[in-house]
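Engineer: So that we are looking at the same thing, I have put the structure below in structure tokens.
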Amino acid sequence: MATSQLTASSISTRNLPSFPGLRPSVVKVGPSVGHCRVGSVLSQRSFRGLVVKAATVVAPKYTSIKPLGDRVLVKIKTAEEKTDGGILLPTTAQTKPQGGEVVAIGEGKTVGKSKVDISVKTGTQVVYSKYAGTELDFNGSKHLILKDDDIVGILETDDVKDLKPLNDRVLIKVAEAEQKTAGGLLLTEAAKEKPSIGTVIAVGPGPLDEEGNRKPLSVPQGSTVMFSKYAGNDFKGKDGFDYIALRASDVMAVLS
């Protein structure tokens, strides 16, 4: 493996042609840079997948945004700055919002010979998938433009158990983690395994088939299911329980 030493003097903005879209004016190099071991198999092409994600700023001269196709424009809900008890939260402790209000919708899409409308209307409060869409700074507020399928569900209250899943998603109330081992020993919080079993409390209308018709989900409401770990979007309900919204394809089995 080849080894190279990087120093502040050996790095300049001229050495960064392999990062398309990254402007030299935003690159800063500190006075002390350590050693970096670089494999000999790496080339400039190895770095072209690097994505620097930042909100796109829409100039004030533009007063409206019209999404196209099956896209939706959502005004992002601001992060909570205080706890329920009134304690101010530092920026690092504020929960990044995953919801907002639909302010504009596209004309829909065509599936087969059928025209399929957007599944939400303007003014609807929705929850969307993590990392979905493109963030925009527009009219002094954070917005997100994303596909209709990236919307997890409609949530008109502040309690996640009222979520109405869309498309092929289901809402599951996660079972509580085991408090003891089989031998009766109490488990600490760190030792408790995150459960991947829960009860389905709401189901979406189902995905679209090739003709644009909805196919009902095979996961029945009220059933106890096992689902894939790390899938979907996790939420904490006002009742203190954990909930998860995920695609029906991430449900592995029905337990009885």
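The values are calculated or read from the model by the stated rules, or taken from the named source; none is laboratory data. Source: prediction; values computed, not measured. With ideal geometry, Cβ positions are generated from the backbone for all residues, glycine too; neighbour counts draw on all protein chains shown. Accessible surface areas use protein heavy atoms only, side chains included; no ligands, DNA or RNA. Shrake-Rupley method; radii C 1.70, N 1.55, O 1.52, S 1.80 Å.
Engineer: Which of the residues that make up the range 53-82 are open to solvent by less than 70 Å² (accessible area, probe 1.4 Å), more than 25 Å from residue 158 (Cβ to Cβ) and in a strand (DSSP E or B)?
Structural biologist: 56
Engineer: Further question: When only residues in the range 131-180 that are in a loop (DSSP other than H, G, I, E, B) and aliphatic (A, V, I, L, M) count, which is nearest to the chain's Cα centre (by Cα)?
Structural biologist: By that ranking, first place goes to 132.
Engineer: Right, another one. Looking at the range 239-256, which of the residues that are part of a loop (DSSP other than H, G, I, E, B) and in contact (Cβ under 8 Å) with a residue 24 or more places away in the chain is nearest to residue 208 (Cα to Cα)?
Structural biologist: In this case the residue turns out to be 256.
Engineer: Those residues that are over 15 Å from residue 77 (Cα atoms) and either open to solvent by 50 Å² or more (accessible area, probe 1.4 Å) or in contact with a helix residue (DSSP H, G or I) (Cβ under 7 Å, 6 or more places away or on another chain) (or both), I need them from the range 135-150; list them, please.
Structural biologist: 147, 149
Engineer: Any idea how many residues of the range 199-218 are surrounded by fewer than 19 Cβ atoms within 10 Å (Cβ to Cβ) and not in a strand (DSSP E or B)?
Structural biologist: Count: 11.
Engineer: Quick one: which residue in 253, 248 is within 29 Å of residue 109 (Cβ to Cβ) and open to solvent by less than 50 Å² (accessible area, probe 1.4 Å)?
Structural biologist: 248
Engineer: State which residue is least open to solvent (accessible area, probe 1.4 Å) when the search covers only the range 222-238 and only residues that are assigned to a loop (DSSP other than H, G, I, E, B), farther than 20 Å from residue 127 by Cα and not basic (Lys, Arg).
Structural biologist: Restricting to residues being assigned to a loop (DSSP other than H, G, I, E, B), farther than 20 Å from residue 127 by Cα and not basic (Lys, Arg), the top hit is 223.
Engineer: Sticking with this structure for a sec: Residues that are at pLDDT 95 or above, surrounded by 15 or more Cβ atoms within 10 Å (Cβ to Cβ) and more than 17 Å from residue 201 (Cβ to Cβ): does the range 151-164 have at least one?
Structural biologist: Yes - at least one qualifying residue is present in the range 151-164.
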